[in-house]
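Below you'll find the structure, written out as structure tokens, and then a few comments.
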Amino acid sequence: MAMRTLIKDILARVGERVTLMGSVAVRRDHGKLIFIDLRDRSGECQLVFVGKEMYASADVLRSEWVIKVSGTVNKRPENMVNKNILTGEYEILVEDLVILSEAKTPPFDLGTDGREVGEESRMQYRYVDLRRARMQKNLRARSRVLAAVDEFLKQNDFLEVETPILGKSTPEGARDYLVPVRVHPGKFYALPQAPQQYKQLLMVAGLERYFQIARCFRDEDTRGDRQPEFTQIDLEMAYVERDDVLAVLEGLMVHVVKAVFPEKRITQVPFPRLTHKEAMEKYGSDKPDLRQDKNDPNELAFAFIVDFPFYEWDEKEKKWDFAHNPFSMPKGEDLPDDKQKMGEVVADQYDLALNGYEIVSGGIRNHKPDLLKKAFMMLGYEERVVVDKFGHMMDAFSYGVPPHGGGAFGFDRLMMIFMNEPNIREVIAFPKTGDGWDLMSGAPSEVDKKQLDDLNIEIKKLKK
């Protein structure tokens, strides 16, 4: 097979014979010659099929067929230049054509940004929808941001560590996705809502600075900026106070914006800081939008929100619950004995807001086993339940644990804001619909009885 040239590289190959491979984006028949716009991962260029033999070979081509062509790179006539694409001054005079794969007519037009197409259709044919320029741009930007994150954190001595996907179900807020275990009937793993416990155990292990691009799972109602599975930029640091962590979070965001989105403007650096009380009183939100011009798509207004309430009253359930992360340290490293004062407890917790969205949640962690136990018991958890759910952490902390803290970026939400998209599904390769369906594969789906029998599971019929 001849050496392949990417479309973007033809600019330096004028007068040379090249071999290109890609998909037919547009076909235009001018009677005695056919023009094809060819698309590969690097861009588009115009192919010219002229002469009886080449015209006949190209006459069968249709949209999205995959082809290989060889021909000479020529400069276009001045009046034929397309200034809208990188290769608009050039074209390929095709001499050989090989059809690699035929394609059915696409279910929708790929020449638009896709916003006029129904989301269900786009999700069902996601592998086609991803071919459009907007989606390619989003995924490429996502990759570049991850590279910038990796660069910054490793330059700052963070170690990338993968933590388990199969873990233990613990009371951390949202419902867990449970995984039945065939070899231990009646037992279940839980998919991680976050790597919270593992990253704290890595601090116990002496790694001091950890990060990972973590897949997380929460069985909760979905909406535009949530999915059943999502991605976090997760990090943790030992021997730190709040300001140490906030400096890293701010530095990371400034680095990413400069590296990937130089056209964007950060409203204020250093990022402003508001207490939770100040934010609620002034803006009525714990994730205020501080942009100077909300019509400016390139303005990024970051703000740290600090000093969250430790507990909050759940009016629906008529009970107290954690307002934020149960593993956070209460201010003053103590909790009151009087439950009437639960609403007064302030946590050493913080968020990073961006343009009206929460993009980071974090805190200085509670590294004192007895205080961590008390935090749960004040909500009515029995000591035996706390020990059963978190005994491994209590035991680990008894072997010596440094003060530590960290945070986690909601990466999909962050990309949604960077790319000025209306929801996170536009920046995820294969997302679920708003109500949790994968229309492309048909998940979630039923499984056969043998699989259920192997797991000792019986499905109860729902009462109508």
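Per-structure values
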item	result
Cross-link pairs beyond the 25 Å C-alpha cut-off, checked among LYS8/LYS104; LYS137/LYS294; LYS389/LYS463; LYS318/LYS461	LYS8/LYS104; LYS389/LYS463; LYS318/LYS461
Mean separation of Cα contacts under 8 Å (6+ apart) over length of the range 87-236, as relative contact order %	16 percent
Per residue value of the accessible surface for the range 274-318 (all protein chains in place, 1.4 Å probe), Å²	59 Å²
Evaluated over the range 66-141, the Cα radius of gyration and Dmax, each in Å	16.0, 43
Cut-off 15 Å, label 7 Å out along Cα→Cβ of GLU53, residues of the range 81-106 by amide N	94-98
Accessible solvent surface per residue of the range 416-464, calculated while the other protein chains remain in place, 1.4 angstrom probe, Å²	74 Å²
The range 107-208: C-alpha gyration tensor shape, a/c 1.5 cut-off, then a/b vs b/c	oblate
Largest to smallest accessible area among TRP65, TRP320 [probe 1.4 Å]	TRP320, TRP65
Computed over the chain: relative contact order in percent, which uses C-alpha pairs under 8 Å that are six or more apart	13 percent
Stokes-Einstein D for the chain, Kirkwood Rh over Cα pairs, 37 °C, 0.692 mPa s (µm²/s)	127 µm²/s
Full-stretch length increase - VAL179, GLU220 - with 0.36 nm per residue and alpha-carbon distance subtracted	13.1 nm
Charged-residue dipole, Cβ positions (Lys, Arg, Asp, Glu), the chain about Cα centre, Debye nearest 20	1280 debye
Cα-based helix-to-principal-axis angle, 242-260 vs the chain, degrees rounded to 10	0 degrees
Per residue accessible area of the range 157-254, 1.4 Å probe, in Å²	47 Å²
Anisotropy class of the range 384-445 from Cα gyration tensor, a/c 1.5 cut	oblate
Shape call, the range 1-52: gyration tensor on alpha carbons, a/c limit 1.5	prolate
FRET efficiency, GLU383 to ASP244 (Cβ-Cβ, R0 25 Å, nearest 0.05)	0.15
Cα-projected label distance for SER70 with GLU278, points at 7 Å along beta-carbon direction, nm	6.9 nm
Gain on full stretching of the segment that runs from VAL14 to LYS460 - 0.36 nm per residue minus C-alpha separation	153.7 nm
Calculated FRET value between GLU162 and VAL26, using beta carbons and R₀ = 45 Å, to 0.05	0.55
Carbon and sulfur %, accessible surface of the chain computed with the full protein complex present, 1.4 Å	50 percent
Exceeding the 18 Å Cα-Cα cut-off - candidates LYS277/LYS368; LYS187/LYS373; LYS331/LYS368	LYS277/LYS368; LYS187/LYS373
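The values are calculated or read from the model by the stated rules, or taken from the named source; none is laboratory data. None of these values were measured; they are calculated from a predicted model. When we count neighbours, we look across all protein chains shown, and the Cβ atoms used for this are built from the backbone with ideal geometry, even at glycine. Heavy atoms of the whole protein, side chains included, go into the accessibility calculation; ligands, DNA and RNA do not. Shrake-Rupley method; radii C 1.70, N 1.55, O 1.52, S 1.80 Å.
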